[in-house]
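Computed from the coordinates by the stated procedures, all read-outs in this text should not be read as laboratory data. All values reported here derive from a predicted model rather than from experimental measurement. Note: ideal-geometry Cβ built from the backbone for every residue, glycine included; neighbour counts use all protein chains shown.
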Amino acid sequence: MASTILPLELVDRCIGSPIHVIMKNEREFTGTLMGFDDYVIDMVLRDVKEYQVTPGGIIETPLGQTLLNGNNIVMLIPGGRGPKAI
Amino acid sequence: MASTILPLELVDRCIGSPIHVIMKNEREFTGTLMGFDDYVIDMVLRDVKEYQVTPGGIIETPLGQTLLNGNNIVMLIPGGRGPKAI
Amino acid sequence: MASTILPLELVDRCIGSPIHVIMKNEREFTGTLMGFDDYVIDMVLRDVKEYQVTPGGIIETPLGQTLLNGNNIVMLIPGGRGPKAI
Amino acid sequence: MASTILPLELVDRCIGSPIHVIMKNEREFTGTLMGFDDYVIDMVLRDVKEYQVTPGGIIETPLGQTLLNGNNIVMLIPGGRGPKAI
Amino acid sequence: MASTILPLELVDRCIGSPIHVIMKNEREFTGTLMGFDDYVIDMVLRDVKEYQVTPGGIIETPLGQTLLNGNNIVMLIPGGRGPKAI
Amino acid sequence: MASTILPLELVDRCIGSPIHVIMKNEREFTGTLMGFDDYVIDMVLRDVKEYQVTPGGIIETPLGQTLLNGNNIVMLIPGGRGPKAI
Amino acid sequence: MASTILPLELVDRCIGSPIHVIMKNEREFTGTLMGFDDYVIDMVLRDVKEYQVTPGGIIETPLGQTLLNGNNIVMLIPGGRGPKAI
């Protein structure tokens, strides 16, 4: 039997946990999900790191607390290990 | 006689089964569909693999559970063999 | 006298018949239309082939059943001969 | 005195007549307008020709009947002579 | 005291007069405004000229009557002298 | 104590005053704000100048009265000195 | 226990405080948040600085008070140190 989960349920279960977010403009972030809204799924993260993949390796930039516009979020991966851990 | 199926019916039948998803930004994923919402068809997949087509071949990256933003999904193929199997 | 037809009427008449679809990202498909929804005209096709126009010719890739996001569909041509037949 | 016309009136008057349509992706078509819807102005054309402007001249491709997604239509010119006649 | 005018008032006053329109895809047109709709401000022009700015100068193409999709209009300049007169 | 202002209040206070507007396509304008609508914040300006930043300096083009499509406006700076004064 | 916060709550708490905003077109700003609207989260900032990252370093441009279109805002970082401090 398939265990099912709605997208908003998944986001809700991630509250207080680390997630990995990839944006339309290919920016990537990890952080702990602090909150979101139900409509466009804007998200607030804390302890955010941005990852830039360069020929010389992945550069991490700490950003603290950040609000991400949900219209620009392409995908969300619970666990939040970021591109370096992939 | 033509057998017909509505788009949401097709997505619903895929619950618990592998699918192949192609995004606006050309990212491609396979995974088992765990759930979706009816409005913009955001989807939750598990056992996700991302495929990057490079001159040297197709690189597979395991991502675990993933939420995909439905506004960025261009097409869905039930079966989920991914680009390598094509 | 002009014979008129509404866009959704045309799509409805294509149920069970081959069509040729061109997407915003220039991907092209043929397949038999199995269903669609009235709102954004998402479509389900079966026996789908994707066509890639390359300098060396047109590459056909069989995809089986496929759901296409209507927001990304630019045009639909009943008959479904694909770019090779043009 | 200015003679006025609403956009939908113009489209309606074109039913049964040739038009020239230019899309967001710069594709250009001529054809006889068979129908349209009032909301996003999707259009059905018959006897369609697509025009590709190349350094070697304009290539015409006959497409038969075609449905064009109104969200991707940038402009419509009644008369439908296409780019070659301009 | 500032004299104020609403955007739709300005468009309405242009009925029967020449205007210059610049589109999202950088196409530029002049023509006499024949009508518009209140919602997305689709416009109908007559005696339209399209202007293409090239290294060798500005090329004018007469288009006759034209419907422009309001979602693709970036700006409108009453007077309609076109880029050559600027 | 923080003094607060709503976005539409700011736009309203600019009526009759010079503003500097930057569009999605990077076009930049200054002019005196004559009016706007509350919904997508289309704006009417008079005494408009367009600024093009080139390697040889900034080129100013006078445009007179202009309607700007609010969906294409990225930012508005009261004062309207334009890029040259920055 | 996770401490949660809604996106609009975060924006509201930033009133009167410095923030760092990154736009769709990669423009970056810092400034003190003066107000916002609840719908598309247009924002008014004062004491704004724009940051341009160039090979020779980061160029700061003071802009004074600025209205940013919320549809073009990708992310907001409370604290407003800008890219140089990252």
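If I take the rotation axis that carries chain A onto chain E, which residue of chain A has the nearest beta-carbon, and at how many angstrom?
A:ASN71, 9
Tabulate in residue order the Karplus-calculated ³J(HN,Hα) for region B:61-77, using 6.51 cos²θ - 1.76 cosθ + 1.60 with θ = phi - 60°, rounded to whole Hz; enter x for Gly and Pro.
My calculation for region B:61-77 gives 10, x, 10, x, 7, 9, 9, 10, 6, x, 5, 9, 8, 9, 7, 9, 10 Hz in order.
Name the chymotrypsin sites (Phe, Trp or Tyr not before Pro) in chain C that are in a loop by DSSP and that have at most 16 other C-beta atoms within 10 Å, would you? Please list the in-between numbers first.
Details: sites: C:PHE29, C:PHE36, C:TYR39, C:TYR51; in loops: C:TYR39.
Loop-located and lightly packed - C:TYR39.
What are the semi-axes of the equivalent ellipsoid for the protein assembly as shown, taken as the square roots of 5 times the Cα gyration tensor eigenvalues, largest first, in whole Å?
38, 38, 21
Between C:GLY16, C:GLY57, C:GLY70, where does the largest GNM mean-square fluctuation fall for chain C, given springs only between Cα atoms within less than 10 Å?
C:GLY57
With just the Cα atoms defining each centre, how far is region E:31-54 from region G:1-63? Give it in Å.
37 Å
Output wanted: per-residue J couplings in Hz (rounded whole) for region G:17-27, from phi through Karplus 6.51 cos²θ - 1.76 cosθ + 1.60, θ = phi - 60°, x for Gly and Pro.
Calculated HN-Hα couplings, in order: 10, x, 9, 10, 10, 10, 9, 3, 7, 6, 5 Hz.
Mean 1/r over all different Cα pairs, inverted: what Kirkwood radius does region F:18-78 give, in Å?
Taking the inverse mean of 1/r over all distinct Cα pairs, region F:18-78 comes out at 11.7 Å.
Which far-off residues, 5 or more places away or on another chain, put their amide H under 5 Å from the one on E:GLN65, with H placed in the peptide plane?
Those qualifying (amide H under 5 Å, at least 5 residues apart or on another chain) are E:ASP47, E:VAL48.
Under a GNM of chain E (C-alpha, springs under 10 Å), which listed residue has the highest mean-square fluctuation: E:GLY64, E:GLY35, E:GLY56?
Comparing E:GLY64, E:GLY35, E:GLY56 in the GNM, the peak value goes to E:GLY56.
Give me G:THR4, G:THR54 ranked fewest to most by other Cβ atoms within 10 Å of their Cβ, as a rough exposure proxy.
Ascending Cβ contact count within 10 Å gives the list G:THR54, G:THR4.
With +1 assigned to the C-beta of every Lys and Arg and -1 to the C-beta of every Asp and Glu, and no other charges, what is the dipole magnitude of region C:18-78 about the Cα centre in debye, to the nearest 20?
100 debye
On average over all directions, what projected area in square nanometres does region D:1-45 have, based on the convex hull of its Cα atoms?
Averaging across all directions leaves 3.9 nm² for the Cα convex hull.
Got a sec to turn the phi values of region G:44-49 into Karplus ³J(HN,Hα) couplings, 6.51 cos²θ - 1.76 cosθ + 1.60 with θ = phi - 60°, whole Hz, x for Gly and Pro?
Coupling constants for region G:44-49: 10, 10, 10, 6, 6, 10 Hz.
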